[in-house]
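Only one structure is covered here, and it is reproduced in the block below.
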Amino acid sequence: MPSSWRGSGRSAGESGEAGKSGEAGESGGAGKSGRADGFHRLSERVVYRGHVFSTVTAVFVGPDGQRFDRDVVRHPGAVAVVPVSEAGTVTLVRQYRAPVDQWVAEVPAGTRDVDGEALEVTARRELAEEAGLAAERFELLVRTFNTPGFCDEETAVFLATGLSRVADGRRGVEEEHLEVVEVDLDAFDQLVDDGTIVDAVTILGVGLARRRLAGQAGPDRTG
């Protein structure tokens with residue numbers, strides 16, 4: 001546990017047992033600071049295997065030796081891109097999301113559905129396909145677990161700058177009806193506050209992008 005964290009009671013790592021799976025904590029991954037010391041995954045059984053994800057029933061053992069089952073969604077992961085223009089706007093895509101039966105405004109994003117493809121390559125492809133944009137610079141902002149309570153999906157969020165227009169490559173009925181919109185970064189918080197933007201990765205990504213850009217700009221010495 002990082003020294004800046006405060007907790008009470010015995011930490012999970014005091015049992016002296018290291019977690020066996022370690023998948024989420026691979027170098028650079030979202031789980032790097034959260035090793036599952038004291039917990040082991042013993043086995044898992046596939047219940048459903050779909051085109052994008054699968055569902056398994058997994059058996060774990062805790063620090064005290066107690067076994068427990070969990071239903072887990074296995075997901076290949078995703079990328080999301082925060083495209084920021086020199087004019088200070090962020091490009092979003094507004095598309096229909098069937099699971100929530102709503103139109104959702106979000107940053108361009110997509111599943112890591114090409115085996116072995118590098119994160120940045122996937123990010124560049126998704127930015128072009130959905131938003132019709134290319135970028136000179138990609139910077140990794142964060143790798144985050146979307147819903148770790150039941151799913152192992154990890155999303156790598158990039159800042160993209162130096163934008164230019166390219167042909168899009170939209171596929172599927174949802175993307176065919178997708179709308180590309182530009183939002184002033186200064187107006188973004190209001191759109192979150194009034195419920196227009198509700199996608200968590202978008203809110204996180206734009207916030208981190210603004211922080212990164214502010215740091216690159218350096219202190220204001222005009223006065």
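So, in region 82-114, of the ones that are assigned to a strand (DSSP E or B) and β-branched (Val, Ile, Thr), which residue ends up surrounded by the most Cβ atoms within 10 Å (Cβ to Cβ)?
Here the answer is Val82.
Does any residue in region 83-97 that is hydroxyl-bearing (Ser, Thr, Tyr) come within less than 7 Å, Cβ to Cβ, of a residue that is in a loop (DSSP other than H, G, I, E, B) six or more places away or on a different chain, and which pairs are these?
From region 83-97, the pairs are Tyr96/His177.
If you check Arg221 against the conditions, is it touching an Asp or Glu at 6+ places or on another chain (Cβ under 9 Å), surrounded by fewer than 16 Cβ atoms within 10 Å (Cβ to Cβ) and at pLDDT below 85?
no
Would you call Val166 more than 20 Å from Val100 (Cα to Cα) and modelled with pLDDT under 95?
The answer is yes for Val166.
Determine whether region 170-188 contains at least one residue that is farther than 15 Å from Val79 by Cβ, surrounded by 17 or more Cβ atoms within 10 Å (Cβ to Cβ) and free of Cβ contacts under 8 Å to residues at least 24 places away in the same chain.
Checked against the condition, which is being farther than 15 Å from Val79 by Cβ, surrounded by 17 or more Cβ atoms within 10 Å (Cβ to Cβ) and free of Cβ contacts under 8 Å to residues at least 24 places away in the same chain, region 170-188 yields no hits at all.
Hey, can you tell me all the residues within region 29-46 that are of a type outside the set (Gly, Ala, Ser) and modelled with pLDDT of 70 or more?
Selection gives Asp37, Phe39, His40, Arg41, Leu42, Glu44, Arg45, Val46.
Looking at (1) in contact (Cβ under 8 Å) with a residue 12 or more places away in the chain; (2) in contact with a Phe, Trp or Tyr (Cβ under 6 Å, 6 or more places away or on another chain); (3) within 19 Å of Leu178 (Cα to Cα), which is the one condition that is false for Trp103?
That leaves (1) as the condition not met.
Can you list residue pairs whose Cβ atoms sit under 9 Å apart, with the first residue in region 52-80 being under 30 Å from Glu126 (Cα atoms) and the second being β-branched (Val, Ile, Thr) and in a loop (DSSP other than H, G, I, E, B)? Count only pairs 6 or more apart in sequence or on different chains.
Val73/Thr147; His75/Val52; Pro76/Val52; Ala80/Val107
Quick check: anything in region 61-74 in a loop (DSSP other than H, G, I, E, B), modelled with pLDDT under 90 and under 21 Å from Pro148 (Cβ atoms)?
Looking through region 61-74, none of the residues is in a loop (DSSP other than H, G, I, E, B), modelled with pLDDT under 90 and under 21 Å from Pro148 (Cβ atoms).
Output the residue which, of all residues in region 141-163 that are touching a helix residue (DSSP H, G or I) at 6+ places or on another chain (Cβ under 7 Å) and of a type in the set (A, V, I, L, M), is surrounded by the fewest Cβ atoms within 10 Å (Cβ to Cβ).
Val142
For region 44-96, which residues satisfy the criterion of being outside the structural domain of Arg170 (by TED's automatic domain parsing) and among the hydroxyl-bearing types (Ser, Thr, Tyr)?
The answer is Tyr48, Ser54, Thr55, Thr57.
The values are calculated or read from the model by the stated rules, or taken from the named source; none is laboratory data. Fair warning: this is a prediction, and the values are worked out from it, not measured in the lab. Here Cβ is always computed from backbone atoms with ideal geometry, including for glycine, and neighbour counts include all displayed protein chains.
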